[in-house]
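Here's the structure we're looking at; comments come further down.
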Amino acid sequence: MLQLNNIYKTFYPNTPDERRALNNISQKLSPGDFVTIIGSNGAGKSTLLNMLAGTLLPDEGNVWIDGKDVTSWPEEKRAKLIGRVFQNPLMGTAPGMTIEENMMISLGRTQNRSLFSGITKKTRHQFREHLQTLEIGLENRLNSKVGLLSGGERQALSLLMATFTEPKILLLDEHTAALDPSKQELIIKLTKDLVEKQQLTTVMVTHQMEQAIELGNRLWMMDEGSIIFEANEEQKQDLTVPDLLNEFEKVRGKRMTSDKALLMK
Amino acid sequence: MVSALYGAVESGLIYAIMALGVYISFRILDFPDLTVDGSFVTGGAVTSVMIVGGSSPIVATLAGAFAGLLAGIITGLLHTKGNINPLLAGILMMIALYSINLRIMGQPNIPMLNETTLFTMISQTWTNLALDQVLIVPFKWLGIASYAPSTFYVIVSMMIIVLTVKKLLDFFLRTEAGITLRATGDNQSMVKSFSTNTNLYITLGMGLSNALVALSGALIVQFNGFADVNLGVGMIIIGLASVIIGEVLFGKDKIVRMTLAVILGSIVYRAIYALALRVDFLEASDMKLITALIVISALVLPNTLEKSKAKREFKKSQRRALNHNQEGGVQHASAK
């Protein structure tokens, strides 16, 4: 479903600020795989995600999605295959538009946008059914401006908008990091439900090791642009946070640098 | 006085189409587009040259609007493909259009007094149908026949044209493409992440906006009976004034209401204009200053009012809290 072949990316090459963001990444995901990526700040997690989304071009290597070489596809073309939820809840929705209008935009990801018809009764009904699955009452507020929703509600809506059109790949970029703990729990639960229901191939970046262990069937730990540790479904089952920290120490010979990662246990 | 107000309604309706164009760029796409000053004249220039050349006024008017569409698309491309800041892209296009307009017209001023324009055509049909006699009846009933306008044809025909434009625009803005256009102005990166070529939408939106502006210019030159290369100076500010006055006085969240508000805003602006001209100490040339002042106050006042209101509320609540505390203190003391 997703294949990365020998990806390299260096920022500011040939300057004193040169930084190797991705160093020979080769990975493969099968349909339905759900990988969580952890690592300290600057490990290359976000770069990798941007590489998948098409916001960044690799220096070398190529990206295959659903049997197609998409390396040179521009972001908006690639977005046909990709659903994405950002860290900032404000980024995934248009605040001045109503809930149903936002849903309409996400529906346009897979189908052409009509010049002659708007939101029909049928699509509205469909939206309502999808919103019901969130169980936060948004189905009764189709005509509310999204700007009036809380951060958690907006993120839940973003998540739904990214998933209900069944993308080939779902990218989650620390999508709970900006929320308070109770809202985090809600979003994690929704993520689990939505991904399971549609068997989405998912890549999730997170700072929280517990989250990374709890969700998904695979785990990658990144540092300095490389994947330094991987766990498959079996290994992941009895993986604990101390295991991960030890693993990091073993490979790198140093403690995990990010305080944030430690604080989150 | 009253006839001046009828004039204000007439020109207000014609300029309303321009204001709707400005609404698309300024409010929907969040793109302060100065192309308007140029494209308004471009529409008038193309139309007047074609009418003088003997074309049908209807074809000439549509051609004028089409010229505006092209101008808007170029501004859109300058911004999206050329990565030029929106304001600068508009200014560049405005300057370029000044020369282009002169080239189109061949001279700074084209009189059309003896030509067949859209308005002479409508006027003729109107007189043949004798509709004025029908429309004057309610005025006679009310006994204010002397206050009736000399003819209704401009108001009625423009109302039909403006409402048609409004209806089409309302319809378009609620189609899937229209929703995407509005969302592009609201959160571009989000729309992009749902596989939309936002550059295309911005470019076409700018084209649509300037097509309306040029259509308005095409109608104005026919209404005035002449085209002038300086007709568009300050047009963007007039458009902004109309949009903002409309929003403040009549605005609501819904698209249908917003477009109506913009049209009414344009008429109110023209009425203010007409009244200001009748005040003795003001001259016609002061109008640009007055327009600027209207826009500034419409932009500043709502914010300031809200803030001062919030401040008043806060002070009130503090005073209440203080009183409460003092009372509490007294009680406390007495309890001792």
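Observations on the model:
- Residue in the stretch A:164-178 that is more than 11 Å from chain B (Cβ to nearest Cβ), farther than 21 Å from A:F34 by Cβ and in contact (Cβ under 8 Å) with a residue 24 or more places away in the chain present: yes
- For the stretch B:83-115, the tally of residues that are buried (at least 16 other Cβ atoms within 10 Å of the Cβ) and not hydrophobic (A, V, I, L, M, F, W, C) stands at 5.
- Number of the exception - B:G43 against (1) buried (at least 19 other Cβ atoms within 10 Å of the Cβ); (2) in contact with a strand residue (DSSP E or B) (Cβ under 8 Å, 6 or more places away or on another chain): (2)
- The residue that is farthest from A:M204 (Cα to Cα), among those in the stretch A:99-131 that are hydroxyl-bearing (S, T, Y) and facing chain B (nearest Cβ under 9 Å), is A:S117.
- Within the stretch A:204-218, the presence of at least one residue that is crowded, with 20+ Cβ neighbours inside 10 Å and within 30 Å of A:T123 (Cα to Cα) is confirmed.
- Residue-level check: of (1) touching a Lys or Arg at 6+ places or on another chain (Cβ under 8 Å); (2) more than 14 Å from chain A (Cβ to nearest Cβ), B:F152 misses just (1).
- A:R84 being within 11 Å of chain B (Cβ to nearest Cβ) and either of a type in the set (D, E, K, R) or closer than 27 Å to A:H207 by Cα (or both): yes
- Of all residues assigned to the stretch B:193-216, none qualifies as being within 29 Å of B:V52 (Cβ to Cβ), in the same structural domain as B:V154 (by TED's automatic domain parsing) and free of Cβ contacts under 8 Å to residues at least 40 places away in the same chain.
Residue by residue, here is whether (1) among the hydrophobic types (A, V, I, L, M, F, W, C); (2) modelled with pLDDT under 95 holds:
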site	(1), (2)
B:V162	yes, no
B:V165	yes, no
B:L169	yes, no
B:T175	no, yes
B:N187	no, yes
B:M190	yes, yes
B:S193	no, yes
B:N199	no, yes
B:T203	no, no
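- Flag for A:I213 being outside any helix (DSSP H, G or I), more than 30 Å from A:E139 (Cα to Cα), among the hydrophobic types (A, V, I, L, M, F, W, C) and at pLDDT below 90: no
- A:G92 vs. criteria touching a residue at least 60 places away in the same chain (Cβ under 8 Å), assigned to a strand (DSSP E or B) and within 14 Å of chain B (Cβ to nearest Cβ): no
- Within the stretch A:132-151, being polar (S, T, N, Q) and within 14 Å of another protein chain (Cβ to nearest Cβ) holds for A:N143, A:S144.
- Selected residue [assigned to a helix (DSSP H, G or I) and among the charged types (D, E, K, R)] from B:K311, B:K252: B:K311
- Subset of the stretch A:148-163 [more than 12 Å from A:I105 (Cβ to Cβ) and of a type outside the set (K, R)]: A:L148, A:L149, A:S150, A:G151, A:G152, A:E153, A:Q155, A:A156, A:L159, A:L160, A:T163
- Residues in the stretch B:183-199 that are at the interface with another protein chain (Cβ under 7 Å from one of its Cβ atoms) and in a helix (DSSP H, G or I) were compared, and the one that is surrounded by the most Cβ atoms within 10 Å (Cβ to Cβ) is B:S193.
Every residue, every condition in (1) touching a strand residue (DSSP E or B) at 6+ places or on another chain (Cβ under 9 Å); (2) on the phi < 0 side of the Ramachandran plot; (3) modelled with pLDDT of 90 or more; (4) polar (S, T, N, Q), yes or no:
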{"position": "A:A94", "(1), (2), (3), (4)": "no, yes, yes, no"}
{"position": "A:I99", "(1), (2), (3), (4)": "yes, yes, yes, no"}
{"position": "A:K121", "(1), (2), (3), (4)": "no, yes, yes, no"}
{"position": "A:T133", "(1), (2), (3), (4)": "no, yes, no, yes"}
{"position": "A:V146", "(1), (2), (3), (4)": "yes, yes, yes, no"}
{"position": "A:L157", "(1), (2), (3), (4)": "no, yes, yes, no"}
{"position": "A:A162", "(1), (2), (3), (4)": "yes, yes, yes, no"}
{"position": "A:I169", "(1), (2), (3), (4)": "yes, yes, yes, no"}
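- Restricting attention to the stretch A:141-199, the residues that are of a type in the set (G, A, S) and over 15 Å from the mean Cα position of the chain (by Cα) total 6.
Residue-by-condition table, conditions (1) hydroxyl-bearing (S, T, Y); (2) surrounded by fewer than 24 Cβ atoms within 10 Å (Cβ to Cβ); (3) in the same structural domain as B:M50 (by TED's automatic domain parsing); (4) in contact with a strand residue (DSSP E or B) (Cβ under 7 Å, 6 or more places away or on another chain):
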site	(1), (2), (3), (4)
B:G234	no, yes, yes, no
B:S242	yes, no, yes, no
B:I255	no, yes, yes, no
B:V262	no, no, yes, no
B:I272	no, yes, yes, no
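The values are calculated or read from the model by the stated rules, or taken from the named source; none is laboratory data. Keep in mind the model is a prediction, meaning the values are calculated, not measured. Here Cβ is always computed from backbone atoms with ideal geometry, including for glycine, and neighbour counts include all displayed protein chains.
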